[in-house]
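*Asks:* This is the structure, below, for whatever I ask next.
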Amino acid sequence: MDVRRKLEALLRQPIPILAEGDTAVRWATLYRWARTGSVSVARLAEAHLDAISIFLDANQTPEPDCIYGVWASGGPSDTTLYNSEDKSLTGGKPFASGVGVVDRALVTARDLDGANWLLDVDVSDLPLPEPWATPALVDTCTGHVALETRRAKPVGKPDFYLDRVNFWHGAVGPAACWAGAASGIVDFVTEELAEDPYRRAAQGKMLAQQWLLEAMLRQNGEFIDADSASAHVARAQAHTVRHLIERSCATIVDSLSQAFGPRPFTSDPELAQRVMDVQLYCRQQHGDRDLAALAKAAYDGALL
């Protein structure tokens, strides 16, 4: 079964709308997809679901029967430019995921006046990007794309994408996939009790981290449904949860490496792929930059 068919199979499953009362179930579903199946496919599914949430926030409708990506990475290699007069998009976009898999993408771009737009763009005919140097998340088909001149339909007004409360709530969606991907490592290691006491201790540590991951996602889902109106608090909560989940995932990978040595990485291709996926996927966490923002939020009174 190819990536597209796997992705379609996931997206046929029901999943609650973000911040509508069952967000903990939404996170648990993403967690389960990444825990029991392909991490790459779960990552693409999360992006599509995020796109649907964005359309709901904008009171707009996605194109029917299309799978979406969200291409919002910036940086020096982001040269996208939106012409609001003829509604066209040009330039290159880094870290575009799902090329050759998704039909359309929500793409961030600036216009000539410097305003930030989110644009609905047909990307179904783009050529595959140059492959990464790493096999991690290889099935996401991610890379730099040249968009040339394409018709682009605005989603919301300028700055709509980043100004939403659900931007911060939705930021926990990828973390739910990080958690599930790392939890799949725990499942592999704890299939049977280790005889060696040090490895057994590592199993215990990893099981405790697995419980912690699930508890954090459950608590965050409840938080989102109880308080979806405060953008400042939502941002602080997202930074907190993403940081803690990333650290927990790192602990799981470190525990595997230290207690079990190189053998799991060299003898089981599925586990080796999962470990690489977890390590690269968690780099979406912005590290000390997000922790600095969290500290500022605390001093601004945004923490509960």
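Since every read-out is calculated from the coordinates, none of them should be taken as a lab result. For clarity, every value in this text was computed on a predicted model and none was experimentally measured. Here the Cβ is made from the backbone with ideal geometry for all residues, glycine too, and neighbour counts use every protein chain on show.
*Asks:* Can you give the alpha-carbon Rg of the chain over 2.2 N^0.38 Å, where N counts its residues?
*Replies:* Cα-based Rg divided by the globular estimate yields 1.02.
*Asks:* Could you grab the relative contact order for the range 61-155? Cα pairs under 8 Å, six or more apart, rounded to a whole percent.
*Replies:* About 32 percent, as a whole number.
*Asks:* Something else now. How far is helix 39-58 tilted, in degrees, relative to the longest principal axis of the Cα atoms in the chain, given as a value from 0 to 90 rounded to the nearest 10?
*Replies:* 40 degrees
*Asks:* While we're on this one: What ³J(HN,Hα) values, in whole Hz, does the Karplus curve 6.51 cos²θ - 1.76 cosθ + 1.60 give for the range 291-297 when θ = phi - 60°, with x put for Gly and Pro?
*Replies:* Along the range 291-297, the couplings run 5, 5, 5, 5, 4, 5, 4 Hz.
*Asks:* Do any GluC sites (Glu not before Pro) in the range 1-60 lie in a loop, going by DSSP, with at most 10 other beta-carbon atoms within 10 Å of their beta carbon, and if so which?
*Replies:* Answer in residue order: no site qualifies.
*Asks:* Give me the one-decimal nm value for the distance between modelled label points at residue 192 and residue 215, 7 Å along each residue's Cα-to-Cβ direction.
*Replies:* The modelled label-to-label distance comes out at 3.1 nm.
*Asks:* With N residues in the range 61-155, what two-decimal value do you get for its Cα radius of gyration over 2.2 N^0.38 Å?
*Replies:* Normalised Rg, Cα atoms only: 1.04.
*Asks:* Given only helices, namely DSSP H runs of n ≥ 4 each adding -39500 (n - 2.57), what is the per-residue ellipticity at 222 nm of the chain, to the nearest 500 deg cm²/dmol?
*Replies:* Rounded to the nearest 500, it is -17000 deg cm²/dmol.
*Asks:* While we're looking at this one, here's another question. Could you work out how far helix 269-281 tilts from the main Cα principal axis of the chain, as a 0 to 90 degree angle to the nearest 10?
*Replies:* 50 degrees
*Asks:* Shifting gears a bit: Hand me the trypsin sites (Lys or Arg not before Pro) from the range 1-83 located in a DSSP loop with no more than 12 other Cβ atoms within 10 Å, in residue order please.
*Replies:* 12
*Asks:* With charges only on Cβ, +1 for K and R and -1 for D and E, what is the dipole size of the range 89-193 about its Cα centre, in debye, rounded to 20?
*Replies:* That gives the range 89-193 a dipole magnitude of about 480 debye.
*Asks:* Here's another thing I want to ask about it. If the reach is capped at under 19 angstrom between alpha carbons, list the aspartates and glutamates near residue 6, excluding any in the same chain fewer than eight residues apart.
*Replies:* Reachable aspartates and glutamates: 46, 50, 65, 103, 139, 270, 277.
*Asks:* Taking the Cα centre of the chain as the origin, how large is its charge dipole in debye, to the nearest 20, when only Lys and Arg (+1) and Asp and Glu (-1) carry charge on their Cβ atoms?
*Replies:* So the magnitude is around 380 debye.
*Asks:* May I ask you to list the GluC sites (Glu not before Pro) in the range 184-221 that are in a DSSP loop and have at most 16 other Cβ atoms within 10 Å of their Cβ?
*Replies:* 191, 192, 195
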